[in-house]
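What follows is a single structure, written as structure tokens, with notes after it.
The values are calculated or read from the model by the stated rules, or taken from the named source; none is laboratory data. Keep in mind the model is a prediction, meaning the values are calculated, not measured. Here the Cβ positions follow ideal geometry from the backbone for every residue, glycine too, while neighbour counts run over all protein chains shown.
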Amino acid sequence: MNALKHLLIDPEHFGDASTEKLKTIGSAAHDMSGAISHGIAAIGVMLASAAMNEDAGLNTDSVADLGWLLQTLGKLTSNMSSIEAAASSHIELRSTQKEA
């Protein structure tokens, strides 16, 4: 979770960040998105397995909690993608400005 500290930045302040910092932010966002996506997939497998268990079944409160968790993780993944894209855009813009 060391990557998380690099993501606690508002993309509005990317102009003040060094190119190296932007690369670190983009990489951290990419890695975090991957971890969240794999976690969501694992939750899906567990949820499907639990649904097929006739003895235990699924508790409606647990299903609702999972639904809220998945919604939050989906939004977080979307935010990570936006952060990664913003960092890449700033890096590309700087590269273009250096060439000019």
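Looking at D65, D31 in this structure, which one is part of a helix (DSSP H, G or I), under 20 Å from the mean Cα position of the chain (by Cα), more than 30 Å from H13 (Cβ to Cβ) and acidic (D, E)?
Just a single option satisfies the conditions, and that option is D65.
Against the definition (at pLDDT below 90 and surrounded by 11 or more Cβ atoms within 10 Å (Cβ to Cβ)), how does A17 come out, yes or no?
yes
Does segment 24-34 contain any residue that is under 21 Å from S95 (Cβ atoms) and hydroxyl-bearing (S, T, Y)? Don't jump to the end; show me each part of the working.
Initial filter on segment 24-34 (under 21 Å from S95 (Cβ atoms)): 24-30.
In the following step, the residues that additionally are hydroxyl-bearing (S, T, Y) were identified as 24, 27.
Checking segment 24-34: at least one residue is under 21 Å from S95 (Cβ atoms) and hydroxyl-bearing (S, T, Y).
Would you check if there is a residue in segment 50-68 being of a type in the set (V, I, T) and at pLDDT 85 or above?
The answer is no, given that none of the residues of segment 50-68 is of a type in the set (V, I, T) and at pLDDT 85 or above.
Collect the residues in segment 55-100 that are under 14 Å from I36 (Cβ atoms), touching a residue at least 12 places away in the same chain (Cβ under 8 Å) and not polar (S, T, N, Q), keeping them in residue-number order.
Residues satisfying the conditions are L69, L70, L73, G74, L76, M80, I83, E84.
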